[in-house]
Every structure is written in structure tokens, then in C-alpha cells.
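*Asks:* Mind looking over this structure? Questions follow.
The values are calculated or read from the model by the stated rules, or taken from the named source; none is laboratory data. Owing to the predicted nature of the structure, the values given are computational and were not obtained by experimental measurement. When we count neighbours, we look across all protein chains shown, and the Cβ atoms used for this are built from the backbone with ideal geometry, even at glycine. Heads up: the accessible areas ignore ligands, DNA and RNA and are worked out on the full protein's heavy atoms, side chains in. Shrake-Rupley method; radii C 1.70, N 1.55, O 1.52, S 1.80 Å.
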Amino acid sequence: MSLDCGRKPKYLEITHRDTKRTCKLHTKRRLVSWTESKKVTSLALTHLYPVQLFSGRKMSFSHCSVVCPLQLISDGSVVYAEALWDHVTMDDQELGFKAGDVIEVVDATNKEWWWGRIMDSEGWFPASFVRLRVNQDEPMDDYLTHLEDAHAGEENREGLGAILGPGLPCKEQMRTNVINEIMSTERDYIKHLKDICEGYVKQCRKRTDMFTEEQLCTIFGNIEEIYRFQRKFLKGLEKNFNKEQPHLSEIGCCFLEHQTDFQIYSEYCNNHPNACIQLSKLVKVNKYVFFFEACRLLQKMIDISLDGFLLTPVQKICKYPLQLAELLKYTNPQHRDYTDVEAALNAMKNVARLINERKRRLENIDKIAQWQSSIEDWEGEDVLSRSSDLIFSGELSKLSHPHAKSQQRMFFLFDHQMVYCKKDLLRRDMLYYKGRMDMDCMQVIDVEDGKEKDFNISVKNALKLQALAGDETHLLCSKKPEQKQRWLRAFADERIQVQHDCETGFSLTEVQKKQAMLNARKTHPAGKPKAVTRPYYDFLMRQKHPSLPTALPQQQVFMLAEPKRKTSTFWHNIGRLTPFKK
């Protein structure tokens with residue numbers, strides 16, 4: 001037997017379809033597995049995440065070979081992959097598909113994420129979610145015809161429903177299909193969570209010699225909490241599911257009842273990138289690779305690596321709005337469930353927005369800590385002790401009692417507080433801390449152009465910050481009227497942000513604050529110049545942070561960390577800050 005992989009595999013796994021026997025041969029570098037019945041009919045190469053390509057209609061053991069998809073694409077060949085899993089996310093640069101769909105692989109340069117095409121849709125998708133077709137030469141005409149027929153059939157059904165009127169069997173059947181899909185996917189999801197908790201988490205806890213509790217918290221996050229909640233949620237769905245006549249089921253109330261409980265996904269989604277980093281470190285050691293594989297085999301889970309399983313909760317919270325939108329589409333306005341389904345759809349969109357916002361805020365705290373570390377002569381508590389978001393920044397002239405002397409200062413408005421700094425006379429990229437204002441204790445007053453009574457001077461484009469209790473007053477003047485209006489809006493946004501955080505219960509943990517400041521101090525060691533250099537500024541500006549979109553366009557996907565990602569609104573603001581400029 002010969003196997004041309006370029007590199008030797010870790011071990012070979014051969015499963016005989018007739019006898020259900022499995023044989024493994026260990027070598028050094030990769031895992032190769034295939035199913036065999038006299039001749040090889042399917043083969044998959046895995047390197048923890050991607051599934052690599054093989055070619056040939058039917059290959060015997062004596063001359064099977066493995067070819068890289070990148071090589072075939074570069075040779076001008078058209079490469080097709082078959083989806084093993086549904087991939088449902090909502091980022092406009094990823095490709096959504098269902099299990100069984102055939103994707104044309106356009107770019108396989110990245111090992112973990114490939115660029116593909118289905119019909120007129122293109123985007124990134126995880127390589128571990130597909131298996132490249134055994135027979136690449138098989139024409140796609142039949143498959144494309146099948147897609148077109150299915151699409152035309154759906155349009156015909158919708159048209160028939162419109163002709164016959166609402167409430168007739170056609171529309172009821174479509175609603176039945178959607179309800180059955182929701183119930184089926186929910187039961188599958190519970191099984192998936194159970195497999196992770198019992199197959200991985202439980203086994204990992206037994207191996208205190210391999211895992212610390214901190215590592216397990218990082219890898220699995222709050223997945224056990226999600227599992228407990230989802231079981232309770234499924235019970236509610238089952239209670240409201242009409243087995244005899246599924247189209248009469250009223251499940252919208254279940255989503256409304258638990259809409260605040262779904263917020264626990266925020267913690268999981270925010271932690272997921274850290275889980276991927278921790279896993280990538282562990283799987284560099286062979287004993288962890290074999291341990292995770294043993295966990296999967298003992299639990300009889302499908303052949304996907306642990307990081308693939310851990311992505312499912314992220315995808316699941318994205319899928320709910322899509323399912324509810326589909327359910328609403330086939331629910332008559334006269335149906336008893338219509339109002340609840342409509343409200344549930346809006347509620348799950350709001351959950352997505354909340355997760356998106358919290359993810360953005362947590363991504364920002366490291367940058368805020370870096371910013372503070374670049375400020376000279378910092379005094380008092382860390383900015384993260386009370387704040388987690390930069391609302392606005394800019395240069396203003398400041399006058400304060402008792403000395404009404406105009407001073408040019410850089411102001412940074414965060415939630416709960418505003419910090420102001422002085423520029424270095426020679427090094428314009430360096431700032432010195434001069435003070436801060438507690439925005440919870442201040443009121444903002446729009447000052448008309450002309451003579452200002454408190455300071456007894458003529459002002460233009462001015463606004464005043466006055467303490468709610470006490471005599472503290474600050475007069476701030478901008479150069480242009482539009483700048484003043486932008487600051488007034490920023491102060492209003494800051495109050496709205498604080499109120500929203502109070503209502504949703506958002507706050508940073510002490511561990512998150514300390515870790516961010518610790519990372520920042522490593523970047524700016526004591527005794528070294530703190531000014532942020534241009535190369536570092538350029539590096540920061542390249543950092544982009546994708547998020548859960550609130551819109552629900554067709555065939556769109558959520559992505560945690562991949563090429564061609566969206567820019568963060570945080571750096572839209574902070575990109576203008578003087579300390580990051582020459």
C-alpha cells in the first residue's frame with residue numbers, strides 16, 4: 001500500500017463497511033481515515049480543522065493518492081466540496097449552506113477557512129465543515145438543476161398560497177415544515193451539548209494532571225450553563241408543540257418567556273476566541289490530540305475536531321432569528337401565535353444586538369488599557385475601573401474656576417467619565433494626564449455665543465459642564481459650531497449608554513480589568529518611552545473585529561476570526577486621537 005501525502009500521517013484509520021472493523025496505523029504527522037468496501041469510495045484527510053482533498057473515482061489501496069485542493073485550483077481545475085454540517089451564521093462575508101450542499105472551492109490558501117461559491121453566493125466557510133467530493137469530474141448539471149427546481153418549487157408554493165388565500169393547506173404545510181425543523185434542530189442541539197458536556201468536559205475534569213480549572217473555563221466557557229438552560233427551553237417547546245397538527249403549535253411565547261435567559265450566550269461568544277487560542281496551544285502536544293480524539297470516539301460523536309463542536313453554540317444563537325423569520329413568513333396574521341412569533345423575532349434580534357455590543361465592548365478594553373499606558377503622569381484609578389467604551393474625543397479650549405485661563409486640552413469622553421490631557425510641546429505624539437470629570441455628577445449646558453455670565457467673558461461655540469452639587473464648573477470651547485454640536489450629541493450618547501448598561505446589567509469583571517491592564521503594562525514596560533509609534537498605530541488600525549449583525553439577509557454567515565472582516569467602530573473614533581499620530 002502506498003500513500004502520497006507529502007508528509008507521513010499520524011496514523012491510518014481503516015473502517016470496513018461490511019465488518020464495521022476499524023484499524024489504526026500510527027505514523028508521525030497526520031491522521032488519514034477512509035471507509036473501504038473492496039475499493040476505496042471515500043477518504044478524508046484532517047489536520048485538526050480542515051478536511052483536505054482527494055481525487056479519483058474509485059481507488060484501490062495500491063495506488064490511492066492525496067492531492068491538495070490548492071494545487072488543483074492553481075492548476076485551473078474546478079474543485080467541489082460537499083457540506084457535512086449546516087453552516088448558519090450572519091456575516092455578509094461568509095457562505096451559508098446546509099448539510100449535503102455542494103460548494104465550489106475557489107480559494108483554499110488558508111488552511112482553516114476556504115472561499116467558495118454556491119449559485120450566485122460567495123463567501124468564506126470553515127474547511128472542517130465540508131468533505132471534498134471523491135469524484136471531482138462528475139458534472140454539476142444535475143445538482144444545479146436540483147437547486148433550481150427546488151427554488152422554483154418554493155416560489156410556486158408561495159404563489160399558490162397567495163392565489164388560494166391564507167389559512168389553506170399549502171401555507172399550513174409550510175408552517176408545519178418550519179415548526180418540525182425548529183423542533184428537530186432543537187433536539188439535535190441538546191444532544192450535541194450533552195455530548196460536549198459528558199464526552200469532553202466531564203472527561204477533562206478527571207484529568208487534573210492535564211488540565212487546570214482555569215484552562216477548562218477558558219476552553220468550554222459556560223457551555224454547561226447553556227446546556228441546562230436549553231433543556232429547560234426544549235421542555236417549554238415540547239409543551240407547546242402540537243404533535244397531531246404541528247401548524248397549530250404556539251411556540252412564540254417560549255422565546256418571549258426566555259428572552260433574557262438567552263443573554264448567557266454573550267459570555268460564551270465573547271470567550272470563544274480565547275477558547276480557540278487555548279485549544280490551538282494544547283493540540284500542539286500529541287497527548288492532548290489523542291486525548292480529545294479518545295473523548296470523541298467514546299461518546300460516538302461525528303468526526304470533527306473539538307473546536308468545530310465548540311463553534312455550534314455561536315451558530316445556534318444566530319440561527320434562531322432566521323428560523324423565527326421563516327416561521328413568521330408562513331404564519332397567518334389571524335393565527336393565535338402570530339403576535340408572539342413577531343415579538344419573539346424582534347426579541348431574538350435584540351439578543352443578537354446585545355451580544356454584538358458586549359463583544360465589541362470587551363474587545364475594546366485592551367485598547368483602552370493600551371491607551372492609558374501611553375499617557376504620561378497618570379494619576380488616580382485606572383480608566384477601566386469605571387469605563388469600558390470611548391464615546392468621543394477631540395481638542396477643546398478649557399476654562400475652569402477659580403483661574404479662568406484658557407488651556408488647550410485633548411478630551412476623551414468615556415462612559416461615566418471624561419479624561420483630559422495636555423500635549424507635549426515638542427513631541428506632539430505624547431500626552432500628559434491633567435485630570436478627569438465624573439460625568440455621573442455633571443450636567444451639560446449649551447452656551448449661546450456672546451458674553452458668558454459665570455466667567456464674564458465673550459465666548460463662541462461653547463458649552464458648560466456644571467456639577468449637580470457644588471461649585472465645580474468647566475467652560476469648553478470648540479473651533480467650529482459643528483464640532484460643538486458633535487460634542488453635545490456625544491454627551492447625550494454617553495448618558496444613553498450608561499442607562500442602557502444599567503438596564504442590561506453590563507459590567508466588566510475584576511479579572512477582565514486586571515488582565516487588560518497587565519497586558520498593557522507588558523507592552524509599555526516601566527522606564528521606556530510611552531508615546532505610541534506610527535508602526536504600532538498602523539498595526540492597531542489594521543485590527544478588525546467582526547460581530548453579530550442585526551440584519552437578516554439571505555445566505556449570510558457569522559464569523560469569529562477570518563480574512564476580509566469588518567472594521568470596528570471603536571477605531572473609527574480612536575483613530576483620530578492625537579497620541580497615535582506623529
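*Asks:* Looking at Ile365 and the list (1) under 30 Å from Tyr265 (Cβ atoms); (2) surrounded by fewer than 19 Cβ atoms within 10 Å (Cβ to Cβ), which single condition is not satisfied?
*Replies:* Of the numbered conditions (1) under 30 Å from Tyr265 (Cβ atoms); (2) surrounded by fewer than 19 Cβ atoms within 10 Å (Cβ to Cβ), the odd one out for Ile365 is (2).
Matching residues to (1) in a strand (DSSP E or B); (2) on the phi > 0 side of the Ramachandran plot; (3) within 34 Å of the chain's Cα centre (by Cα):
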| position | (1), (2), (3) |
| --- | --- |
| Gly380 | no, yes, no |
| Ile391 | yes, no, yes |
| Leu413 | yes, no, yes |
| Leu425 | no, no, no |
| Lys434 | yes, no, no |
| Asp440 | no, no, yes |
| Val444 | yes, no, no |
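*Asks:* If I go through region 374-406 residue by residue, how many of them are among the aliphatic types (A, V, I, L, M) and surrounded by fewer than 19 Cβ atoms within 10 Å (Cβ to Cβ)?
*Replies:* Qualifying residue count for the region: 1.
*Asks:* Based on this model, can you work out whether Val178 counts as open to solvent by less than 20 Å² (accessible area, probe 1.4 Å), part of a helix (DSSP H, G or I), free of Cβ contacts under 8 Å to residues at least 24 places away in the same chain and β-branched (Val, Ile, Thr)?
*Replies:* When the stated conditions are applied, Val178 does not pass them.
*Asks:* Condition test on Ile304, is it open to solvent by less than 40 Å² (accessible area, probe 1.4 Å), in a loop (DSSP other than H, G, I, E, B) and either more than 19 Å from Glu186 (Cα to Cα) or aliphatic (A, V, I, L, M) (or both)?
*Replies:* Against the criterion (open to solvent by less than 40 Å² (accessible area, probe 1.4 Å), in a loop (DSSP other than H, G, I, E, B) and either more than 19 Å from Glu186 (Cα to Cα) or aliphatic (A, V, I, L, M) (or both)), Ile304 qualifies.
*Asks:* Here is a follow-up. Please tell me if Glu244 is within 30 Å of Arg336 (Cβ to Cβ), of a type in the set (Asp, Glu) and open to solvent by less than 70 Å² (accessible area, probe 1.4 Å).
*Replies:* no
*Asks:* Scan region 204-222 for residues that are β-branched (Val, Ile, Thr) and in a loop (DSSP other than H, G, I, E, B) and jot them down.
*Replies:* Thr208, Thr212
*Asks:* Cβ-Cβ below 7 Å, separation at least six or inter-chain, first residue in region 323-351 and free of Cβ contacts under 8 Å to residues at least 40 places away in the same chain, second open to solvent by 50 Å² or more (accessible area, probe 1.4 Å): which pairs?
*Replies:* Partner pairs satisfying both residue conditions: Leu328/Glu342.
*Asks:* Another one. Within region 253-265, identify whether any single residue is of a type in the set (Asp, Glu) and not in a helix (DSSP H, G or I), and answer yes or no.
*Replies:* no
*Asks:* Go through region 428-456 and count every residue that is farther than 14 Å from Leu475 by Cβ, open to solvent by 30 Å² or more (accessible area, probe 1.4 Å) and at pLDDT 90 or above.
*Replies:* Result for region 428-456: 6.
*Asks:* So which residues in region 519-546 are surrounded by 11 or more Cβ atoms within 10 Å (Cβ to Cβ), modelled with pLDDT of 55 or more and not basic (Lys, Arg), if there are any at all?
*Replies:* Correct list: Asn519, Ala520, Thr523, His524.
*Asks:* Still on this model: Go through region 434-467 and give me each residue that's among the charged types (D, E, K, R) and farther than 30 Å from Gly380 by Cα.
*Replies:* Result: Glu448, Asp449, Lys451, Glu452, Lys453, Lys460.
*Asks:* Also, I was wondering about something else. What's the total number of residues in region 476-515 that are within 29 Å of the chain's Cα centre (by Cα), outside any helix (DSSP H, G or I), loosely packed, with under 13 Cβ neighbours inside 10 Å and not polar (S, T, N, Q)?
*Replies:* Going through region 476-515 one residue at a time, the tally reaches 1.
*Asks:* Any residue at all in region 119-137 that is more than 21 Å from Leu311 (Cα to Cα), open to solvent by 50 Å² or more (accessible area, probe 1.4 Å), modelled with pLDDT under 75 and not hydrophobic (A, V, I, L, M, F, W, C)?
*Replies:* Within region 119-137 (the criterion being more than 21 Å from Leu311 (Cα to Cα), open to solvent by 50 Å² or more (accessible area, probe 1.4 Å), modelled with pLDDT under 75 and not hydrophobic (A, V, I, L, M, F, W, C)), the answer is yes, since at least one residue qualifies.
*Asks:* State the number of residues belonging to region 258-291 that are within 17 Å of Pro321 (Cβ to Cβ) and charged (D, E, K, R).
*Replies:* Result for region 258-291: 1.
*Asks:* Related question: State yes or no: is Ile264 open to solvent by less than 70 Å² (accessible area, probe 1.4 Å), of a type in the set (A, V, I, L, M) and in contact with a Gly (Cβ under 9 Å, 6 or more places away or on another chain)?
*Replies:* No, not satisfied.
Residue-wise test of (1) of a type outside the set (D, E, K, R); (2) within 30 Å of Leu256 (Cβ to Cβ).
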{"site": "Ala347", "(1), (2)": "yes, yes"}
{"site": "Val351", "(1), (2)": "yes, yes"}
{"site": "Leu354", "(1), (2)": "yes, yes"}
{"site": "Gln372", "(1), (2)": "yes, no"}
{"site": "Glu376", "(1), (2)": "no, no"}
{"site": "Gly380", "(1), (2)": "yes, no"}
{"site": "Val383", "(1), (2)": "yes, no"}
{"site": "Asp389", "(1), (2)": "no, yes"}
{"site": "Gln407", "(1), (2)": "yes, no"}
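*Asks:* Taking Ile355, is it open to solvent by less than 50 Å² (accessible area, probe 1.4 Å), under 24 Å from Thr218 (Cα atoms), outside any helix (DSSP H, G or I) and touching a Leu at 6+ places or on another chain (Cβ under 8 Å)?
*Replies:* The answer is no for Ile355.
*Asks:* Additional query: For residues that are more than 21 Å from the chain's Cα centre (by Cα) and open to solvent by less than 10 Å² (accessible area, probe 1.4 Å), tally how many sit in region 191-210.
*Replies:* 4
*Asks:* Determine whether region 223-230 contains at least one residue that is outside any helix (DSSP H, G or I), open to solvent by 50 Å² or more (accessible area, probe 1.4 Å) and of a type in the set (Asp, Glu).
*Replies:* no
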